[in-house]
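First up is the structure itself, then whatever we jot down about it.
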Amino acid sequence: MGAISLTASLSVLKGYLNDSNRTVRETCDIAIAKIEWDRSEGQRHLASITTEPPFAAVSALLRATASLTLTIFRIYTSVDPAPPTSGLLAGKSGTATVSSVEELRLKLLDTQLALFERYRAMFALRNIGSPLAVDALAAGFSDDSALFK
């Protein structure tokens, strides 16, 4: 639902934020954050949509969003639940500094941050792809969230 990014999904997703299953709660939390991000800084052109478009328009919107996503994430063709933290770090392997990788590592491991922000750090590290970034990603396996792992 977060990947489709329709605001009509928000009420359904919010209904599961207190689910007894942690994975369900976290999945809904990430999807809500993604929809909100898409409507704000993420894809400003979507902010002008005041009502949910009909199915044909949704289909066209998804095609446009998919091509935009592939442009931003040149290295990987996956549909990620969160965009990388910074477009500056989404490029080729080895373009990030040691301090920027360490900053992303700290965000990745900070359990006080929203899971969406931690995912953004995760995908930035993945896109960097240097040995240091891979080590930072590996540190995330110690998290107690099955969804995060």
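The values are calculated or read from the model by the stated rules, or taken from the named source; none is laboratory data. Note that the structure is a prediction, hence the values are computed from the model and not measured. Here the Cβ positions follow ideal geometry from the backbone for every residue, glycine too, while neighbour counts run over all protein chains shown.
Contact map, segment 26-37: residues that are touching a residue at least 60 places away in the same chain (Cβ under 8 Å) paired with residues that are basic (Lys, Arg), Cβ distance under 9 Å, separation 6+ or inter-chain. Pairs shown: 37/120. For segment 91-140, residues that are farther than 23 Å from residue 37 by Cβ and in contact with a Phe, Trp or Tyr (Cβ under 9 Å, 6 or more places away or on another chain) total 0. Close Cβ contacts (under 9 Å, 6 or more residues apart or on different chains) running from residues in segment 105-119 that are at negative phi to residues that are of a type in the set (Val, Ile, Thr) and assigned to a helix (DSSP H, G or I) comprise 114/30; 115/30; 116/30; 116/32; 119/30.
Of all residues in segment 131-149, those that are closer than 17 Å to residue 26 by Cα and assigned by TED's automatic domain parsing to the domain that holds residue 113 have Cβ atoms under 8 Å from Cβ atoms of residues that are among the acidic types (Asp, Glu) and assigned to a helix (DSSP H, G or I), 6 or more apart or on another chain, in 145/26; 147/26; 148/26.
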